[in-house]
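Some notes on the structure that comes next.
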Amino acid sequence: MQTALVIDYLVSWLADYCDSACMNGFVVGVSGGIDSAVTSALCAKTRRQTMLVNMPIYQARDQFDRAAQHIQACERQYASVRGVTVDLTRVFQSIEQTFPADIQDGLTMANTRARLRMLTLYAQASHNRLLVAGTGNRVEDFGIGFFTKYGDGGVDISPIADLMKTEVYELGRALGIAESILTCPSTDGLWPDNRTDESQIGATYPELEKAMLFEESQQDEKKLSPRERAVLAIYRKFNRANRHKTEPIPCAKIPPELR
């Protein structure tokens, strides 16, 4: 991949879209991970107004600190960047006290965290005439659908949607993203035990990327090793289960004879 040219292309693409939409810039939720770091750096390079929001909810200290340090680095480098911290822990605690106890399973509450952050980003976006920039990459969001519907999937624009996770890391190194972000395990930061993406999925992102490309090539599965076949099965399971997130919302069409 021609990393420098890809960065220039994406920065230009973001700026052009922002201008054509008659908006002031972008807002990005910064988690302390690679995807949000790269997305926020690309938005900052447009020199349009860029708001970077750190939104802790019972957050692990290292995740919060990585996000805060990245935001500060962007503020030092770009005059158009403004960092904001909105601690949502008390709001989430209010939800915990309000929801019936019998629906508060782990996945439901993890998704609720993500949706609370989406609400916060859109409040900032609406007030400041900004676009919510999504942080989803090709394999994670558009391959296995590993995101929260109307949570981190609720965005206006997706600048890294055509990049594999390994390619996002390439851009991160070229953009000068902090080593602490480049080397930390990928996590969605939505669970009390801070479980990693790999532990939830059962495969690494490089493995999933190979499975995704294999699936698209329609080659003979007999050529795969046992581990590769196992990862392909994982990829297919997630892809099938999460199509409701990645495909357009089904809309019922009334037959003409019923009108």
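All of the numbers you see were taken from the coordinates with simple rules; none came from a lab. Bear in mind the structure is a predicted one, so any value in this text is a computation, not a measurement. Cβ atoms come from the backbone with ideal geometry, glycine included; neighbour counts cover every protein chain shown.
A few points about this structure:
- For the chain: relative contact order, % (alpha-carbon pairs under 8 angstrom, 6 or more apart): 20 percent
- Answer label for mean projected area of the Cα convex hull in nm² (calculated), chosen among (1) 17.1; (2) 18.1; (3) 15.3: (2)
- Spatial separation of Cα centroids for region 165-218 and region 85-130, in angstrom: 24 Å
- Ranking of R173, R243 by count of other Cβ atoms within 10 Å, fewest first: R243, R173
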